[in-house]
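Trainee: I am attaching a structure below and will ask some questions about it afterwards.
Every number in this text was worked out from the coordinates using simple rules, so none of it is lab data. In this text, all values refer to a predicted model and were calculated from it rather than measured experimentally. In this analysis, Cβ positions are derived from the backbone assuming ideal geometry, glycine residues included, and neighbour counts consider all displayed protein chains.
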Amino acid sequence: MDIVFSEASVSFAGRPALHPLSLRLFERRIGIIGLNGSGKTTFARLINGLLRPTIGQVTVGGLDTVKDEAAVRGRAGFIFQNPQHQMILPVLSEDIAFGLKNRRLSKEEISARTDAVLERFRITHLAGRRIHELSGGETQLAAIASVLVTGPDVLILDEPTNQLDLKNRRLIEETIAGLPEQAIVITHDLPLLDGFDRVLLFHEGRLEADAAPQEAVRTYRRIVGC
Amino acid sequence: MLTGLDIAGDTPLHRASARLKLILLFLAAVALFLVHSPWALAAAAIIAVGLYASTGIAPGEAVRRVRFVLFTVLLVAVANYIFHSLDDALAVLFRLGALVLLAAAVTATTTISAFMDEITRLLRPLERFGFVRAADVSLAVGLVLRFVPEILARYGDIREAHRARGLRVRPLGVLVPLIILTLKDADTIAMAIDARAFRRQ
Amino acid sequence: MSTRDLVLVALFAAIIVALGLVPPFTLGFIPVPITAQSLGVMLAGCILGARRGAAAVLLVLLLVVIGLPVLSGGRGGLAVFVGPTAGYLAGWVAGAFVTGLIAERLVRETQPELAQFLGFLAAAIVGGIGVVYLFGIAWLSYSSGKAFMEIAMASLIFIPGDLIKAFIAMLAGRAVLAGYPLLPART
Ligand SMILES: Nc1ncnc2c1ncn2[C@@H]1O[C@H](COP(=O)(O)OP(=O)(O)O)[C@@H](O)[C@H]1O
Ligand SMILES: [Mg+2]
């Protein structure tokens, strides 16, 4: 899926969070790195229309994120920095089915798709569990499942391994590596980027590097000075 | 923790549709207020006890559920006895008592999803005028159930934070951060709902 | 209603439900414990305003109707809507609305603190007590047979406790306004 930024920029109350940026993303695995507050989340939110560019334009598969907001949301799935916040209904299976509501699907179709995605991520045993009782790793898997059930073409993950222990970090890394979908991953977990096609480095709201993983990480270390 | 008050079973009341039960409850309420004879009302109360018992609810649970409301009914009846007559007191006692038990019987035999289906159907005419969307109502119900445990956990955290800092736990000191911290999540949650394109036009 | 409004309504309803589940507050200077749930009704109007505040309370009552034990003391189900005190529950919705209406008119973020306090206090007393009792006593009188006058008078013994709640709602409403303003202004 082609994601195209055309001179897109974002300011909050006149303060620039993302300076004008033009680029085209089409690779299967794209990483985004940078310090806290460097504009990574702002950049990612532009892609599925959760945020509108203050100036400029962003398109996903040829659709404008402002004009075709609803269609873009269907194509670009988003996993929040705190996945706990994106689980909306009390029980996991209900929450996964939630994304399929209002789409003119039959009840049977909804439950079949829900079961399939639970199976895909091997979390069928969690189907009836309450959201607030899931562990960090389980919540992250559940959030990914709840977004992928709607069949987006590209998945954006905002710091998916951020709050996880070593074991769950590995689990999510493997899950991401195995996704057939295109994925854009914001992360501070630099080893995760091995094998990625392209890595963007943000610094103070500017795209500071756009390169292969090793080179982008090298630039990152040089800028930060450690 | 927040589980419904319906009791699993297959009694005639369980099999009756939610709509039928609600209509009958409404008609019973109107009828009970039209009748004034204590004897007729006593008969109604006996029937109501029978219906409530027919739901298969355990006796202890049956009493626990209605005791508070029945206590207020009793207070009202006693006031009628003191200031008026025994007949007036009995009429009120049996009328309201019967009504409370009938309502409890409907609640005990109707699942939450059956109620929600009925409410969705009732909202459909309003939906046509653009007042409220049925899908939004069920989403809101789900959101409440989702966030009550989280708010309770936060309540515990705030109290603990007070104690950790050696502060006395006062109602305001808990209430204000609880409300602000909870409502501040609204933006993220709204964004999560929009991200999943639930409220598409 | 925007998605954000819908979420605010649901979150506030969840707060009101949670307030029914936590142990009652005790204040140093009065001996009676205060249940926080009816305080939540005043707060809904003071914090969210008329429309969203009333919607939050209505949502709580909807949960009660469908059989969830979300009223304080674990009460719920249709039985509470046919008892003698059912009118107070209906009064909650109207009360939150009127509280919000008054708060929206009287309180501004830019006002001095004292004016905000007085605005919230007036809103909580008129909406959260006056309107709630109007509905409560109306049904109490209708449903309770011949002794309605005496019973209506007796119900007034709860007013002092409710005045304390209005006072807490005033303090909390103003503190939330300072920390996270949501109240729409109305002229
Ligand atoms: N909703 C917002 N309102 C105001 N400022 C914001 C908002 N979101 C982000 N910012 C600001 O924009 C900058 C970039 O933030 P963000 O994209 O979240 O950074 P990152 O995800 O890289 O940590 C920060 O300075 C942040 O404070
Ligand atoms: Mg971020």
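Trainee: Can you give me the C-alpha center-to-center distance between the range A:1-40 and the range C:132-187, rounded to a whole angstrom?
Mentor: Value for the Cα centre distance between the two parts: 52 Å.
Trainee: Per-residue HN-Hα couplings for the range B:179-196, Karplus 6.51 cos²θ - 1.76 cosθ + 1.60 at θ = phi - 60°, whole Hz, x for Gly and Pro?
Mentor: 5, 5, 4, 5, 5, 5, 6, 4, 4, 5, 5, 4, 5, 5, 5, 5, 4, 9
Trainee: Follow-up question, since we're still on this one. In whole Å, largest first, what are the principal axis extents of the Cα atoms in chain C?
Mentor: Here the Cα extents, ordered largest to smallest, are 51, 35, 34 Å.
Trainee: Between the alpha-carbon centers of the range A:125-179 and the range B:18-78, tell me the distance in whole angstrom.
Mentor: The distance from the Cα centre of the range A:125-179 to that of the range B:18-78 comes to 50 Å.
Trainee: Continuing with the same structure: How about A:Lys107: which aspartates and glutamates have a C-alpha closer than 14 Å to its C-alpha, ignoring those fewer than 8 places off in the same chain?
Mentor: Qualifying aspartates and glutamates at Cα under 14 Å: A:Glu94, A:Asp115, B:Asp117.
Trainee: With charges set only on the Cβ (+1 for Lys and Arg, -1 for Asp and Glu), what does the dipole of the range B:113-200 come to about its Cα centre, in debye to the nearest 20? Intermediate results must be reported in sequence, preceding the final value.
Mentor: Numbers: 15 positive and 10 negative charges, 48 e Å.
Rounded to the nearest 20 debye, it is 220 debye.
Trainee: Still on this structure, please answer the following. Using only alpha-carbon positions, what ratio does the radius of gyration of the protein assembly as shown give when scaled by 2.2 N^0.38 Å? Show your work: numbers first, answer last.
Mentor: Numbers: Rg = 27.7 Å, N = 614, 2.2 N^0.38 = 25.2 Å.
With N residues counted in the protein assembly as shown, Rg over 2.2 N^0.38 Å equals 1.10.
Trainee: Here's another thing I want to ask about it. Inverting the mean 1/r over all pairs of different Cα atoms, compute the Kirkwood radius of chain B and quote it in Å. Could you put the intermediate results ahead of the total?
Mentor: Working: mean 1/r = 0.0480 Å⁻¹.
Mean inverse Cα-Cα distance, inverted, gives 20.8 Å.
Trainee: Per-residue HN-Hα couplings for the range C:155-168, Karplus 6.51 cos²θ - 1.76 cosθ + 1.60 at θ = phi - 60°, whole Hz, x for Gly and Pro?
Mentor: Per residue, the Karplus-derived 3J(HN,Hα) values read 5, 5, 5, 7, 4, x, x, 5, 5, 5, 5, 4, 5, 5 Hz.
Trainee: When the helix-only estimate is applied to the protein assembly as shown (DSSP H runs of n ≥ 4, each -39,500 (n - 2.57), divided by the residue count), what is the mean residue ellipticity at 222 nm, nearest 500 deg cm²/dmol? If you can, show how the numbers build up before the last one.
Mentor: Numbers: 24 runs with 353 residues, N = 614.
Computed ellipticity for the protein assembly as shown at 222 nm equals -18500 deg cm²/dmol.
Trainee: Hey, could you get me the Stokes-Einstein D for chain A, Kirkwood radius over alpha-carbon pairs, 4 °C and 1.567 mPa s, rounded to whole µm² s⁻¹?
Mentor: On the way: Rh = 18.1 Å.
D = 72 µm²/s.
Trainee: How high is the relative contact order of chain A, in percent, counting Cα pairs under 8 Å that sit 6 or more residues apart? Provide the component values of the computation, followed by the final result.
Mentor: Details: 405 pairs, mean separation 59.6, N = 226.
Relative contact order comes out at 26 percent.
Trainee: Taking amide hydrogens as modeled 1.01 Å from N in the peptide plane, which residues meet the under 5 Å criterion relative to A:Ile32, leaving out close sequence neighbours?
Mentor: Here A:Val185, A:Ile186, A:Thr187, A:Leu200 satisfy the definition.
Trainee: Shifting gears a bit: Ignoring the sites themselves, what is the longest stretch of chain B with no trypsin sites (Lys or Arg not before Pro) in a DSSP loop and at most 11 other beta-carbon atoms within 10 Å? Each step should come with its number before you reach the end.
Mentor: Numbers: sites that count: B:Arg165, B:Arg168.
Between the exposed loop sites, the longest stretch runs B:1-164.
Trainee: Now, a different point. Could you work out which residue, out of C:Phe12, C:Phe135, C:Phe25, moves most in a Gaussian network model of chain C, that is, has the largest mean-square fluctuation with Cα springs under 10 Å?
Mentor: C:Phe25
Trainee: For the range B:12-110, what mean projected area does the convex hull of the alpha carbons give, in nm²? Display every interim value, and only then the final one.
Mentor: On the way: hull surface 24.0 nm².
It is 6.0 nm².
Trainee: What relative contact order, as a whole-number percentage, does chain B give when Cα pairs under 8 Å and 6 or more residues apart are counted? Kindly include the intermediate steps, with their values, before the conclusion.
Mentor: Numbers: 144 pairs, mean separation 47.1, N = 201.
Here the relative contact order equals 23 percent.
Trainee: Here's a follow-up. Search the structure for amide H atoms under 5 Å from the amide H of A:Glu208, placed 1.01 Å from N in the peptide plane, and list their residues when 5 or more places away or on another chain.
Mentor: Excluding prolines and chain starts, which carry no amide H, the hits are A:Leu201, A:Phe202, A:His203.
Trainee: Report the relative contact order of the range C:3-179, percent, no decimals, based on alpha-carbon pairs under 8 angstrom and at least 6 residues apart.
Mentor: Working: 288 pairs, mean separation 40.4, N = 177.
Result for the range C:3-179 is 23 percent.
Trainee: Sum up the charges of everything whose Cβ sits under 10 Å from the Cβ of A:Pro160, counting Lys and Arg as +1 and Asp and Glu as -1, but leave A:Pro160 out. Could the numbers behind the result be given before it?
Mentor: On the way: positive: A:Arg169; negative: A:Asp158, A:Glu159, A:Glu173, A:Asp189.
Residues close to A:Pro160 contribute a combined charge of -3.
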